[in-house]
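Below is one structure, written out as structure tokens; comments come after it.
The values are calculated or read from the model by the stated rules, or taken from the named source; none is laboratory data. What you are looking at is a predicted structure, and each value in this text was computed from that prediction instead of being measured. No Cβ is skipped: glycine too gets one built from the backbone with ideal geometry, and neighbour counts run over all protein chains shown. In case anyone asks, the SASA skips ligands and DNA or RNA and just uses the protein heavy atoms, side chains included. Shrake-Rupley method; radii C 1.70, N 1.55, O 1.52, S 1.80 Å.
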Amino acid sequence: MTDGQAPKRPVRVLLADDQPLLRTGFRMVLGAEDDLDIVGEAGDGVEAVELSRRLLPDVVLMDIRMPRMDGVAATRAIVEARLPVRVLILTTFDLDEYVVGALRAGASGFLAKDVPAEDLVAAIRTVAAGEAVVAPRILKRLLDRFAESLPDPAATPPKEIGVLTEREREVLILVARGLSNAEIARVLSVSETTIKTHVGHVLTKLGLRDRVQAVVLAYETGLVRPGA
């Protein structure tokens, strides 16, 4: 089964979970899709990093809580190694306290482990295509709940935000508040294509991979405050 955004070649997926039964379940679900290819399984974070380096999967389906190295540390190691690998975090709880750390470490999003099979498949395809799977509004609620885990912003505007134009900064604030491109376009009375261009410039200038990291940065730097 494929959709319009699926890559022409199968998406290579690495399963990282310390529970063999869950890995078997994921393999059965994902193995039924013609455009998904399970290339390996890891039982802990250390193995997940090692296999990511060796196999270079497109997507790692990463459990948060694993022995030897948790999913947050494993995600950080994969991102810092600049591997062409994207990480999709799985958690037992929708608002796991570790998820903020995982997103800050460079994960492309997160899902609950009890997510419907079709949503899991769609999320993997989305991440493989270079997008994030955490809806901005969900991420906003997540950051609001765990705001205490984020550093206190400095009183002065952060230097990294200074590279943005006034309009780009405005767009970043609206992205962080959970608005879609279409909604931002309506607020600013411009075309959606223009907003997509601005978002692209924001990500490039700030060295970010996707909208998820942009929202996290906006909270980290105090550009947007929890509950605002």
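Name the long-range amide H neighbours of L111: under 5 Å, sequence gap of 5 or more, or other chain; modelled H, no Pro or chain starts.
I89, L90, T91
At a 1.4 Å probe, what is the % contribution of carbon and sulfur to the accessible area of region 1-84?
Working: 2290 of 4400 Å².
The value for region 1-84 is 52 percent carbon and sulfur by accessible area.
Between beta-carbons, use under 14 Å as the cut-off and find the net charge around V87, counting Lys and Arg +1, Asp and Glu -1.
0
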